[in-house]
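The values are calculated or read from the model by the stated rules, or taken from the named source; none is laboratory data. What you are looking at is a predicted structure, and each value in this text was computed from that prediction instead of being measured. Reconstructed Cβ throughout: ideal geometry from the backbone, glycine too, with neighbour counts over all protein chains shown.
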Amino acid sequence: MSTHDILHRLSETLATRKHADPEKSYTAKLFSEGPDSILKKIGEECAELIMAGKDGKRLNIVRESTDVIYHILVLLAFFDMTIEDVSQEMRRREGISGIDEKAARGQK
């Protein structure tokens, strides 16, 4: 089973949770609270990932990375996007230097 498969399956599952009961589904609860709540959760999970990275413990880094990815997928689903949208952008950037890609977007 590939990483591609699990992320696509999860992305599809999250889309089905948009109209689920917030009392029975954590994902549905996030959807019902809106993007600010989802974004706050992403921020919290990113902070936890940073701390795990500073500690350098592999298992904690993997677990916190998983939490960040999950919450990013929730945000994508909230806006009717999937991991495929991100995959397409990654394919577009493949082979382009990060410096060149940022310059093309006018970023520092």
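Of all the residues in the stretch 28-85, those that are among the aliphatic types (A, V, I, L, M), assigned to a helix (DSSP H, G or I) and closer than 19 Å to T16 by Cβ number 11. For the stretch 1-12, what are the residues that are surrounded by 12 or more Cβ atoms within 10 Å (Cβ to Cβ) and more than 14 Å from the chain's Cα centre (by Cα)? Result: no residue meets the conditions.
Would you mind finding the one in E89, E48 that is at pLDDT below 95 and either surrounded by 16 or more Cβ atoms within 10 Å (Cβ to Cβ) or among the acidic types (D, E) (or both)?
Just a single option satisfies the conditions, and that option is E89.
Given the structure, is S11 among the polar types (S, T, N, Q) and without any contact (Cβ under 8 Å) to a residue 60 or more places away in the chain?
Working: among the polar types (S, T, N, Q): yes; without any contact (Cβ under 8 Å) to a residue 60 or more places away in the chain: no.
For S11, the condition - among the polar types (S, T, N, Q) and without any contact (Cβ under 8 Å) to a residue 60 or more places away in the chain - is not met.
Results for (1) of a type in the set (A, V, I, L, M, F, W, C); (2) closer than 24 Å to S25 by Cβ; (3) under 13 Å from the mean Cα position of the chain (by Cα), shown as yes or no for each residue.
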| residue | (1), (2), (3) |
| --- | --- |
| L39 | yes, yes, yes |
| G43 | no, yes, yes |
| A47 | yes, no, no |
| A52 | yes, no, no |
| D55 | no, no, no |
| L59 | yes, no, no |
| D67 | no, yes, yes |
| L73 | yes, yes, yes |
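Only a single criterion out of (1) more than 14 Å from the chain's Cα centre (by Cα); (2) under 27 Å from R91 (Cβ atoms) is not satisfied by H19, namely (2). Among the residues of the stretch 26-45, the ones that are of a type in the set (S, T, Y), surrounded by fewer than 17 Cβ atoms within 10 Å (Cβ to Cβ) and under 17 Å from D67 (Cβ atoms) come to 2 in all.
Take the conditions (1) without any contact (Cβ under 8 Å) to a residue 24 or more places away in the chain; (2) part of a helix (DSSP H, G or I); (3) surrounded by 14 or more Cβ atoms within 10 Å (Cβ to Cβ); P22 misses just one of them, which is (2).
Taking the stretch 66-107 as the range and being more than 18 Å from L14 (Cα to Cα) and in contact with a helix residue (DSSP H, G or I) (Cβ under 7 Å, 6 or more places away or on another chain) as the test, the residues that pass are R93, E101. What tally of residues in the stretch 92-101 results from selecting those that are surrounded by 10 or more Cβ atoms within 10 Å (Cβ to Cβ) and modelled with pLDDT of 80 or more? Matching residues across the stretch 92-101 total 3.
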